[in-house]
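First the structure, in the form of structure tokens, and then the observations on it.
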Amino acid sequence: MSTPDDLGAAAQRVFDRDEVEGVLRGTFYNSAAAPGGGEKAKDEKPTHYKVICISMYTDSLERLDDMVKELKRRGYTKANRSALLRHALELVDLDAVPRGL
């Protein structure tokens, strides 16, 4: 059976703090009730990004997390999964993608 400490460690591995805070800042903390939040329609949503869900093999996810940790160690304080995946998208050469993808 999992202990609360095990669950907390698992949650930290799954949720990137910068991503979670970004989502909360853009939705939960940005309500009209918040001081200085301004008036916003409830159904108004950002158009410059979308939150998505993708599946990844655990070894690929571990590699991604290790790369983010290394970037942070090198001083890239805003490095996170999303930023690294967006950067990788810029480098993809569609002509070099293998057929058996």
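Is it the case, given these coordinates, that residue 57 is surrounded by 11 or more Cβ atoms within 10 Å (Cβ to Cβ) and hydroxyl-bearing (Ser, Thr, Tyr)?
Working: surrounded by 11 or more Cβ atoms within 10 Å (Cβ to Cβ): no; hydroxyl-bearing (Ser, Thr, Tyr): yes.
Here the answer is no, as residue 57 does not meet what is asked.
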Exercise for the section: Would you be able to say whether some residue in region 22-34 is among the β-branched types (Val, Ile, Thr), assigned to a helix (DSSP H, G or I) and at pLDDT 95 or above? Expected result: no
Exercise for the section: Within region 84-100, identify whether any single residue is at pLDDT 90 or above, of a type in the set (Gly, Ala, Ser) and not in a loop (DSSP other than H, G, I, E, B), and answer yes or no. Expected result: yes
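Residue-by-condition table, conditions (1) modelled with pLDDT under 95; (2) in a loop (DSSP other than H, G, I, E, B):
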| site | (1), (2) |
| --- | --- |
| 18 | yes, no |
| 48 | yes, yes |
| 55 | no, yes |
| 68 | no, no |
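The values are calculated or read from the model by the stated rules, or taken from the named source; none is laboratory data. Owing to the predicted nature of the structure, the values given are computational and were not obtained by experimental measurement. Ideal geometry is used to build each Cβ from the backbone, glycine not excepted, and the neighbour counts take in all protein chains shown.
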